[in-house]
């Protein structure tokens, strides 16, 4: 537990968007209690996982474990909420006689991975803040209701792939729900992008359009096939292709003194790996839909280097 405590305390740093870092021993103790009392591989009361998973993700035979960490979003009583994310811990399972320099190197590696996974949990909040039409003063005064969940969908020696499901709303307003995926290369300490994996986005979109992807239920509601969802969007096919190629984001430009500049980007799709499946997430203004397909069915459009490095 001693090594885990060192990792947790060291990993608590301040990041943007009004997030409060761990700044006292009391907060560190709270985090330790969270780690002891909660298993990050639990279903977190999400019926979606209970309904659809065949087996729980396990790190039993791996050279690391996954702890449940959290931080606080918001700087006042009305808007403060806990956001959960997975923490990598390979330190506590090292032999007791491990040299100090090796131990320190491993702590730093664990922190680097954990920071990337934590950043994934802020994406929805960050983008909501970016595209908000409210003034800065209104945003700060308006109480928010925020909920967050995450689920480790794949954990092996090569990658960790996580689904974050989040919602945010002003008091008295409808929920604005979103989901994002994060897939981490353990060897490289970096996040993987869909355009590294897929070599033919036209073929990928065709599979989505023709309902070759399986809809994943959203809690107890049936998810419509993607062809039905497309009927209610304003996107042209060519625009969807560009979004997929642009790491799943629609980019808005403005003309500046030195030419076109990015005004802001809107996430339209996201993805994660779920054992032997690719899951695509489609995100609209208020909700999202998930669709899965077995990797063997799309092997011909998966980059071979990506496949060898991260999937096999």
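Checked against the criterion of being over 16 Å from residue 69 (Cβ atoms), surrounded by fewer than 22 Cβ atoms within 10 Å (Cβ to Cβ) and at pLDDT 85 or above, the candidates 168, 159, 146 yield just one match: 159. Filtering the range 217-229 to residues that are modelled with pLDDT under 90 and outside any loop (DSSP other than H, G, I, E, B) leaves 218, 221. Just to be sure before I move on: is residue 190 surrounded by fewer than 17 Cβ atoms within 10 Å (Cβ to Cβ), within 17 Å of the chain's Cα centre (by Cα) and either farther than 14 Å from residue 270 by Cβ or at pLDDT 90 or above (or both) in the structure I sent? Yes; evaluated as a whole, the condition is true for this residue.
Of 109, 129, which residue is within 26 Å of residue 87 (Cβ to Cβ), outside the structural domain of residue 290 (by TED's automatic domain parsing) and either assigned to a loop (DSSP other than H, G, I, E, B) or modelled with pLDDT of 75 or more (or both)?
109
The values are calculated or read from the model by the stated rules, or taken from the named source; none is laboratory data. The structure displayed is predicted, hence computed values, not measured ones. Cβ coordinates were reconstructed from backbone atoms using ideal geometry, including for glycine residues, and neighbour counts include every protein chain displayed.
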